[in-house]
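As structure tokens, the structure follows; a few thoughts come after it.
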Amino acid sequence: MSARRKVTVVGAGMVGGTVAQMLALRDYADVVLVDIVEGLPQGKALDLMQAGPLMGFDSYLSGSNGYEETAGSDIVVITSGIARKPGMSRDDLLKTNMSIVGSVTEQAVEVSPDAILIVVSNPLDAMCHVALDAAGFPRERVIGMAGVLDSARFRTFIAMEAGVSVEDVSAMVLGGHGDTMVPLSRYSTIAGIPITEYLSADQVRAIEDRTASGGAEIVGLLKTGSAYYAPGTSVVEMVDAILLDKKRVLPCSVLLQGEYGINGLFIGVPVKLGAAGVEQILELNVTDDESAALKQSASSVRGLVDAMAQLKDS
Ligand SMILES: NC(=O)c1ccc[n+]([C@@H]2O[C@H](COP(=O)([O-])OP(=O)(O)OC[C@H]3O[C@@H](n4cnc5c(N)ncnc54)[C@H](O)[C@@H]3O)[C@@H](O)[C@H]2O)c1
């Protein structure tokens, strides 16, 4: 038995494989990859193990088609499901991924009742609702990954436009993961200077639009799947924050219970992530326009939650 922390990654596809690789490089956790495809998680785990001597990590990686080996995981990352194809919206994925996410969550939490769940499968905010219901966990332990990726995209485009290092750019994106996300330019800075003072209004608007369609831009280029390097790395930033108890302030999808005037919906907002999962929800002062955009985003998540209730009844 290893004394290292244990992370299970359900879905050994492109995002799951990237999460496993990035985590192995961190060298503080063992990783179990789970997939329904026989041989896929086992093959990826063995391949990654063989990178250990070259990259200098001792993380143990294993693959499985069941959940026995995942028992006692500290974190379960859920990436299983189907990804978007060109022309497909995240919402098209609703029915298939709802049944996959519900079933894998039930199986995973049965053997890891104290785990923290990080949901990645799309449509993200709706799948967080499915995982929360299936797990029966408190909201602190069911967290959606979207804002970290969306703000990494925002930071990338700001740095490219301003010609500065990404290291000096910090950015905040709120809202649902989708076309209604709310990039918060007022809270986005280059070395502490608001980007609105650094870039023209037209430049800022163009960057915001490109961020909101950042996932679709990559789907259009790849043609056979969706993004995975930046999504996988975003998950690992959240795993680091939790397992290393870093108290990072990161935008994540969490169940709001009155915060930002929204109740009973998973929406991306800044949270403090530490050993207990979501340790605090930070309420930023938002303008009327930003608040309206956030509500608009919430109403599209509400639409998906209602659609899922109908699908369940049908
Ligand atoms: N939240 C985000 O920001 C974000 C970013 C990128 C991708 N995604 C989503 O993440 C998901 C995975 O994307 P991907 O590119 O890795 O897709 P992928 O097709 O490469 O991998 C998905 C894997 O899930 C497996 N799977 C399907 N049903 C399963 C089940 N019942 N149990 C276990 N495994 C099962 C498949 O066999 C496949 O290997 C998609 O829903 C995608 O839309 C979300």
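The values are calculated or read from the model by the stated rules, or taken from the named source; none is laboratory data. Just so it is clear, the structure is predicted and the values come from calculations on it, not from any experiment. Here Cβ is always computed from backbone atoms with ideal geometry, including for glycine, and neighbour counts include all displayed protein chains. All accessible areas refer to the heavy atoms of the entire protein, side chains included, with ligands and DNA or RNA removed. Shrake-Rupley method; radii C 1.70, N 1.55, O 1.52, S 1.80 Å.
Of all the residues in the range 23-48, those that are touching a helix residue (DSSP H, G or I) at 6+ places or on another chain (Cβ under 8 Å) and open to solvent by 20 Å² or more (accessible area, probe 1.4 Å) number 6.
Would a scan of the range 152-161 turn up a residue that is outside any loop (DSSP other than H, G, I, E, B), within 11 Å of the ligand (Cβ to nearest atom) and of a type in the set (Val, Ile, Thr)? Among the residues of the range 152-161, not one is outside any loop (DSSP other than H, G, I, E, B), within 11 Å of the ligand (Cβ to nearest atom) and of a type in the set (Val, Ile, Thr), which makes the answer no.
Of the residues in the range 1-24, how many are more than 16 Å from the ligand (Cβ to nearest atom) and either touching a Pro at 6+ places or on another chain (Cβ under 8 Å) or not charged (D, E, K, R) (or both)? Even if it seems obvious, please write down each step before you answer.
We begin by selecting, within the range 1-24, every residue more than 16 Å from the ligand (Cβ to nearest atom); these are 1-6, 24.
With the extra rule that they be either touching a Pro at 6+ places or on another chain (Cβ under 8 Å) or not charged (D, E, K, R) (or both), the set shrinks to 1-3, 24.
Result for the range 1-24: 4.
Only residues that are more than 10 Å from the ligand (Cβ to nearest atom), assigned to a helix (DSSP H, G or I), of a type outside the set (A, V, I, L, M) and surrounded by fewer than 24 Cβ atoms within 10 Å (Cβ to Cβ) were counted in the range 98-128, giving 2.
Can you go through Val173, Val239 and tell me which one is over 27 Å from Asp92 (Cα atoms), crowded, with 16+ Cβ neighbours inside 10 Å and under 16 Å from the mean Cα position of the chain (by Cα)? Quick ask: steps written out before the conclusion?
Numbers: Val173 fails: over 27 Å from Asp92 (Cα atoms).
Matching residue, one of Val173, Val239: Val239.
The residues listed here are Thr224, Thr233, Thr211; of these, the one that is within 13 Å of the ligand (Cβ to nearest atom), hydroxyl-bearing (Ser, Thr, Tyr), assigned to a helix (DSSP H, G or I) and over 17 Å from Leu23 (Cα atoms) is Thr211. Residue count for the range 129-144 under the criterion of being in a loop (DSSP other than H, G, I, E, B) and open to solvent by 30 Å² or more (accessible area, probe 1.4 Å): the result is 2. From the list Ser226, Ser291, the one residue that fits, being under 17 Å from the mean Cα position of the chain (by Cα), of a type in the set (S, T, N, Q), surrounded by 14 or more Cβ atoms within 10 Å (Cβ to Cβ) and within 17 Å of His177 (Cα to Cα), is Ser226.
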